[in-house]
Amino acid sequence: QVQLVESGGGLVQPGGSLRLSCAASLSAFSINAMGWYRQASGKRRELVADITSGGSTNYADSVKGRFTISRDNAKNTVYLQMSSLKPEDTAVYYCNARGRITRMVGEYMYWGQGTQVTVSS
């Protein structure tokens, strides 16, 4: 019901900026929230930021003041603007969408394939 297409990852120097995008292609699915998670090699996947359809946002403490999440509900696209990047931000970043399947009870979650962000000089 959902396909998430991520873009914007790559190599950036410390202190630089990068913007990630995730576009959701939907079929009989309505989104309640979208967000970004990241996972460094050998570590747990962690929430970076998410945003609800109503615009409420949530950020990990480690990225507050540096990252900004936003969304275009009409396009079913979520963005993550990353600034003042640090080497510890290096990880695979995964797009996430959760919502409702038409005529089905409950909430479902979908994940993108991930995009690599590397912060290094």
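One table, with the values for the structure above:
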{"quantity": "Length added when fully stretched, Lys75-Asn58, from 0.36 nm per residue minus Cα-Cα", "calculated": "4.0 nm"}
{"quantity": "Relative contact order %, the chain, counting alpha carbon pairs below 8 Å whose residues are six or more apart", "calculated": "36 percent"}
{"quantity": "DSSP-loop trypsin sites (Lys or Arg not before Pro) across region 35-73, with at most 12 other Cβ within 10 angstrom", "calculated": "Lys43, Arg44, Lys64"}
{"quantity": "Convex hull of Cα atoms in region 1-42, direction-averaged projection (nm²)", "calculated": "4.4 nm²"}
{"quantity": "Residue-span extension gain [Arg66 to Thr102] - 0.36 nm each, minus C-alpha spacing", "calculated": "9.3 nm"}
{"quantity": "Distant alpha-carbon pairs in region 14-62 (separation over 15 angstrom), percent", "calculated": "61 percent"}
{"quantity": "Whole-number D in µm²/s for the chain (Stokes-Einstein; Kirkwood sum over Cα pairs; 10 °C, 1.306 mPa s)", "calculated": "109 µm²/s"}
{"quantity": "Net charge, Ser120 excluded, C-beta distance under 12 Å - Lys, Arg +1, Asp, Glu -1", "calculated": "-1"}
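Quick note: the coordinates plus some simple rules give every number you see, no bench work behind them. Here the structure is a predicted model, which means the values were calculated and not measured. Cβ: placed from backbone, ideal geometry, glycine included. Neighbour counts: every protein chain shown.
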